[in-house]
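The values are calculated or read from the model by the stated rules, or taken from the named source; none is laboratory data. Just so it is clear, the structure is predicted and the values come from calculations on it, not from any experiment. Counting neighbours? That spans all protein chains shown, and the Cβs are built from the backbone with ideal geometry, glycine included. SASA here: full protein model, heavy atoms, side chains in, ligands and nucleic acids out. Shrake-Rupley method; radii C 1.70, N 1.55, O 1.52, S 1.80 Å.
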Amino acid sequence: MPLPCEVADRERRPLVQAPWLWSGPGRCEALAARARLVGVSPARGPGPRGARSGKFFHNLMERKDFETWLDNISVTFLSLTDLQKNETLDHLISLSGAVQLRHLSNNLETLLKRDFLKLLPLELSFYLLKWLDPQTLLTCCLVSKQWNKVISACTEVWQTACKNLGWQIDDSVQDALHWKKVYLKAILRMKQLEDHEAFETSSLIGHSARVYALYYKDGLLCTVFSVDYNDELDILVSGSADFTVKVWALSAGTCLNTLTGHTEWVTKVVLQKCKVKSLLHSPGDYILLSADKYEIKIWPIGREINCKCLKTLSVSEDRSICLQPRLHFDGKYIVCSSALGLYQWDFASYDILRVIKTPEIPNLALLGFGEVFALLFDNRYLYIMDLRTESLISRWPLPEYRKSKRGSSFLAGEASWLNGLDGHNDTGLVFATSMPDHSIHLVLWKEHG
């Protein structure tokens, strides 16, 4: 026999859903009627407290029958729309008593807010962690010892974070805790750079007359003119105000050759091994670069001292743009500064790869150029440029000094950090210049805090 409420509601809607899914005035009556048939209280649900007769309920709903009923309800629930599922849950909660509500209170957070770092395999946890930024990861390390252990063990995450800061990475080191410490060290150093607090100053006093030129190599600071040397070739090269480049025998101290062709003072010479192949040279060949006010000349240097200029580079054919008396060559790229900015040539093709302009600070002189950073300066500040963004990220004030227009009265110190900091190469000399009082002003890296 259908219930009266079902007969009444049948006129309004087809009976296609279970009564507890109905909406409208007939729902509560239908639930109450069904509850009376099975001997349960709709406010408490099935169970000892909701049964009018424990024996009656036990006989009516055995465990096997209950599981069958629950399976059927589950199938029906899964067939509902999301809105209907939400309405069903809301209604079941409204029918729950104190025991059920306490059960929800104790278990709902565990069900909804599961600790994926504990439950997922490490590989999946590491994959998810890679999508978080390092600052968020450091915050997550404070959640619990378990989180700190898992996050600190993710080597790739911390290596990537270090790379993004311009840090050099040794992939052979797989100790994740090591890279987390390196990242924290990198953060400190980069903050010092951004706050203009990464350096400190010192002075060398002893000369009785002005120091016109400085030279720094292998940790030794000397007062010499524009020179470079190579022990393997046993030669030294020097540039001069007589527009020539001379090649000297280191062991004998004799001049082996004089290279001509410049029409201005030769303010910079660089002797370096080539790392790329072209029609004019091969990897492993020794190359000499000499620069004056307008041109850069490329010479082959080897066991045969007699050589001819391979190529002449310039930034303007009419000599309207002057080059600064600084030159960088690492075997792959040539970089020189000018009034318009930094010019970078590809040594394999001799083509200009890019011109980095700094319109907000014109006439910056080049001190060093690497894969990640460049070191620049003017009459007031020492600057660090991030070459990935071509933006100036730090500066350090310089005292008033006599900047020689045609000589190297200033120089950079150890330059390996320009290819990326690694936590060890940010020590020692950064910059040196001669002062009007005959002293030498030094800018040094600060020790890590």
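To keep it simple, each residue is scored yes or no on (1) closer than 30 Å to Thr155 by Cα; (2) hydrophobic (A, V, I, L, M, F, W, C); (3) open to solvent by less than 100 Å² (accessible area, probe 1.4 Å).
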| position | (1), (2), (3) |
| --- | --- |
| Arg63 | no, no, no |
| Leu78 | no, yes, no |
| Thr88 | no, no, yes |
| Leu119 | yes, yes, no |
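Which residues, counting only those in the range 371-403, are of a type in the set (A, V, I, L, M), without any contact (Cβ under 8 Å) to a residue 40 or more places away in the chain and either closer than 17 Å to His328 by Cβ or in contact with a Lys or Arg (Cβ under 8 Å, 6 or more places away or on another chain) (or both)? Steps first, answer last, please.
Let us first name the residues in the range 371-403 that are of a type in the set (A, V, I, L, M), namely 372, 374-376, 382, 384-385, 387, 392-393, 398.
Restricting the remaining residues to those that are without any contact (Cβ under 8 Å) to a residue 40 or more places away in the chain gives 376, 385, 387, 392.
Those that are of a type in the set (A, V, I, L, M), without any contact (Cβ under 8 Å) to a residue 40 or more places away in the chain and either closer than 17 Å to His328 by Cβ or in contact with a Lys or Arg (Cβ under 8 Å, 6 or more places away or on another chain) (or both): Leu376, Met385, Leu387.
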| said: From the list Ser416, Ser338, exactly one residue is open to solvent by less than 30 Å² (accessible area, probe 1.4 Å) and either without any contact (Cβ under 8 Å) to a residue 12 or more places away in the chain or not hydrophobic (A, V, I, L, M, F, W, C) (or both). Which is it? | reply: Ser338
| said: Checking Tyr215 against (1) under 35 Å from the mean Cα position of the chain (by Cα); (2) at pLDDT 85 or above; (3) open to solvent by less than 70 Å² (accessible area, probe 1.4 Å); (4) of a type outside the set (A, V, I, L, M, F, W, C), only one condition comes out false. Which one? | reply: (2)
| task | Kindly check whether there is at least one residue in the range 324-334 that is under 18 Å from Phe410 (Cα atoms), open to solvent by less than 10 Å² (accessible area, probe 1.4 Å), in contact with a strand residue (DSSP E or B) (Cβ under 8 Å, 6 or more places away or on another chain) and of a type outside the set (A, V, I, L, M, F, W, C). | result | no
| task | Tell me which residues, restricted to the range 92-108, are surrounded by 10 or more Cβ atoms within 10 Å (Cβ to Cβ), of a type outside the set (Lys, Arg) and more than 22 Å from Phe77 (Cα to Cα). | result | Val99
| request: Give the residues of the range 272-314 that are hydrophobic (A, V, I, L, M, F, W, C), open to solvent by 20 Å² or more (accessible area, probe 1.4 Å) and either out of contact with any Leu (no Cβ under 8 Å at 6 or more places or on another chain) or within 18 Å of Val227 (Cα to Cα) (or both), sorted by residue number. | output: Val276, Leu279, Ile305
| Enumeration of residues in the range 404-449 that are modelled with pLDDT under 80 and part of a strand (DSSP E or B) | Phe410, Leu411, Ser434
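For the range 280-352, list the strands (runs of 3 or more DSSP E) that sit wholly inside it and hold at least 3 residues that are at pLDDT 90 or above and over 17 Å from His262 (Cα atoms); which are they? So that I can check it myself, show each step before the final result.
Details: elements: 286-291, 296-301, 311-313, 333-337, 342-346.
Output list reads 333-337, 342-346.
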| said: Any residue at all in the range 381-388 that's assigned to a loop (DSSP other than H, G, I, E, B) and at pLDDT 90 or above? | reply: yes
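Yes or no, residue by residue, for (1) at pLDDT 85 or above; (2) open to solvent by less than 70 Å² (accessible area, probe 1.4 Å); (3) under 25 Å from Lys446 (Cα atoms):
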{"residue": "Trp131", "(1), (2), (3)": "yes, no, no"}
{"residue": "Thr139", "(1), (2), (3)": "yes, no, no"}
{"residue": "Trp147", "(1), (2), (3)": "yes, yes, no"}
{"residue": "Asp171", "(1), (2), (3)": "no, no, no"}
{"residue": "Leu188", "(1), (2), (3)": "yes, yes, yes"}
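Could you run through the range 267-279 and say how many residues are of a type in the set (Gly, Ala, Ser) and assigned to a strand (DSSP E or B)?
So the first thing to find is which residues in the range 267-279 are of a type in the set (Gly, Ala, Ser), and the list is 278.
This time we only want the ones that are assigned to a strand (DSSP E or B), so: none.
Counting residues in the range 267-279 that are of a type in the set (Gly, Ala, Ser) and assigned to a strand (DSSP E or B) gives 0.
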| message | With the requirement that a residue be surrounded by 20 or more Cβ atoms within 10 Å (Cβ to Cβ), in contact with a strand residue (DSSP E or B) (Cβ under 6 Å, 6 or more places away or on another chain) and in a loop (DSSP other than H, G, I, E, B), what does the range 231-266 give you? | response | Val266
| Residue check: is Gly368 farther than 19 Å from Val315 by Cβ, in contact (Cβ under 8 Å) with a residue 40 or more places away in the chain, in contact with a Cys (Cβ under 8 Å, 6 or more places away or on another chain) and of a type outside the set (A, V, I, L, M)? | no
